[in-house]
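Colleague: Let me give you the structure first, and then I'll get to my questions.
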Amino acid sequence: MPEPPAPDAGTTRRAQPDPRPAGLLFHQLTRASDLTPSQVRAGLAVLRDVIADQGWPPLIWTRSDGYQLGAERAALEAYERKVIKEKLTEFRRFITGTVAPHAAAHPGDKWVRHITAQLNSIESTLDLVNSY
């Protein structure tokens with residue numbers, strides 16, 4: 001039986017508790033929203049896409065508190081720094097594990113020269129933000 005379509009962001013948002021800094025762990029959010037785990041994942045993705053346009057408070061996730069809407073400035077900054085560091089690591093591994101070997105194997109390939117230049121620029125920018 002196919003799963004019903006993903007809920008809108010509002011369904012997932014309404015399951016979040018109002019008091020801060022309390023949040024919900026994923027299994028708690030699933031129970032509170034009365035949605036399936038895949039629907040909650042989809043709802044969280046949509047929520048991240050529309051949160052700024054709707055004027056809603058920011059969404060973060062921490063291991064200890066789970067998903068939180070409208071966290072304090074220090075928690076927001078800590079989350080942003082963590083995500084930047086993770087993305088920097090992810091980009092570096094992509095460059096060293098895939099793009100650099102591709103470039104070595106095909107040095108004249110226009111695509112690989114272009115993607116190498118672009119990814120090096122992204123890496124440099126993330127590294128600068130990470131070091132701030």
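Colleague: Could you please find all residues in the range 32-75 being among the acidic types (Asp, Glu), within 20 Å of residue 86 (Cβ to Cβ) and modelled with pLDDT under 90?
Modeller: 65
Colleague: Which of the residues spanning the range 23-58 are hydroxyl-bearing (Ser, Thr, Tyr), outside any loop (DSSP other than H, G, I, E, B) and in contact with an Asp or Glu (Cβ under 8 Å, 6 or more places away or on another chain)?
Modeller: Result: 38, single match.
Colleague: Could I ask something else about it? Name, by its number, the condition in (1) surrounded by 13 or more Cβ atoms within 10 Å (Cβ to Cβ); (2) of a type outside the set (Asp, Glu); (3) in contact with a helix residue (DSSP H, G or I) (Cβ under 6 Å, 6 or more places away or on another chain) that does not hold for residue 26.
Modeller: Failing condition for residue 26: (3).
Colleague: Scan the range 29-44 residue by residue and report those that are more than 16 Å from residue 62 (Cα to Cα) and surrounded by fewer than 18 Cβ atoms within 10 Å (Cβ to Cβ).
Modeller: Selection gives 31, 32, 34, 36, 37, 38.
The values are calculated or read from the model by the stated rules, or taken from the named source; none is laboratory data. Since this is a predicted model, take the numbers as computed values, not measurements. With ideal geometry, Cβ positions are generated from the backbone for all residues, glycine too; neighbour counts draw on all protein chains shown.
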